[in-house]
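The values are calculated or read from the model by the stated rules, or taken from the named source; none is laboratory data. Keep in mind that what you see is a predicted model, and the values were worked out from it rather than measured. When we count neighbours, we look across all protein chains shown, and the Cβ atoms used for this are built from the backbone with ideal geometry, even at glycine.
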Amino acid sequence: MRAVFLCGILCFAVFANSFAGEPLKVYPKVEKPATYLFVGEKLTYKISYLGLTVGEAEAEVAGLETLNGRLAYHVAVRVKSHPVIDLVYKVRDEHHTWIDTEKLHSLKYEKKLREGRYKVHEIMTYDQENHTALYQSLSNHSEKEMLIPQNVQDQLSCGYFFRTLEVQPNTTVVLPVNADEKNWDLEIKLLSAKPLEIDGVGKFEALEAEPLIKFQGIFVKRGKIRGWISLDERRIPLMMKVKVPVLGSVVARLSEYHPGEASRGLSSL
């Protein structure tokens, strides 16, 4: 029995090594990114703290929809805590944005947050032609109208719009963002580029970025953020580190990537 057990272990090790030896896909660097989104693209992230998995996030270009005569990408992000964390502080957050396929600005943003006992459900509807927005709270049924800058982004669409820009190390990008019922200038400092390997996903040339976020973010409410984005055509967000005062760093790392299909040539209806 001992010999059979050892033989089984050896066979498993050989089998595992045969898969471990498979080369990772290489995503080559290109100067110009795609200026459209990839319908069906899905990114899955493992969220860890002190080396322990505490949650998972999924971002998906779920499909195409029409809003007020404009064709839009519907992007959904879902964040959930790990089952063990659920016992202490259960998180089930959803963020949705509808991005104009032609202008690549936000047409609508919706968030549904469930974090412990805290719950919120809000919708922002953007009239980009008249530079106005309507805030609606489905939690307390309040409404508010406000002015917005030209081609404003919401707190989710800004990330997808950023992925379509030509960016260079040691430069800064500023985007107009509407979040938390206010207008902000989101400043993103682009630092150096370096090779980065993501286990199970691929090898990339990655550009480090430091967004100076003053509003409530998708993954974290406050803290110093560093992110790494690929320099291939798709400009994939690969990893994010959030340094939280006193508590250390929270890391969101890409664990799975499904490319979806190119949506070039779309126009509004």
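Quick notes on this structure:
- Residues of segment 147-167 classified as free of Cβ contacts under 8 Å to residues at least 60 places away in the same chain, touching a Ser or Thr at 6+ places or on another chain (Cβ under 7 Å) and not in a loop (DSSP other than H, G, I, E, B), total: 2
- Restricted to strands (runs of 3 or more DSSP E) entirely inside segment 96-142, those with at least 2 residues that are in contact (Cβ under 8 Å) with a residue 12 or more places away in the chain, among the hydrophobic types (A, V, I, L, M, F, W, C) and surrounded by 15 or more Cβ atoms within 10 Å (Cβ to Cβ) are 106-115, 118-127.
- Test: Gly69 is over 20 Å from the mean Cα position of the chain (by Cα), over 24 Å from Lys46 (Cα atoms) and in contact (Cβ under 8 Å) with a residue 12 or more places away in the chain: yes
- Scope segment 20-49; condition out of contact with any strand residue (DSSP E or B) (no Cβ under 6 Å at 6 or more places or on another chain), at pLDDT below 95 and in a loop (DSSP other than H, G, I, E, B); matching residues: Gly21, Glu22, Pro23, Glu31
- Residues being of a type outside the set (A, V, I, L, M, F, W, C) and more than 15 Å from Thr97 (Cβ to Cβ) - total across segment 109-120: 6
- Per-region count, segment 97-139, residues among the polar types (S, T, N, Q) and touching a helix residue (DSSP H, G or I) at 6+ places or on another chain (Cβ under 6 Å): 2
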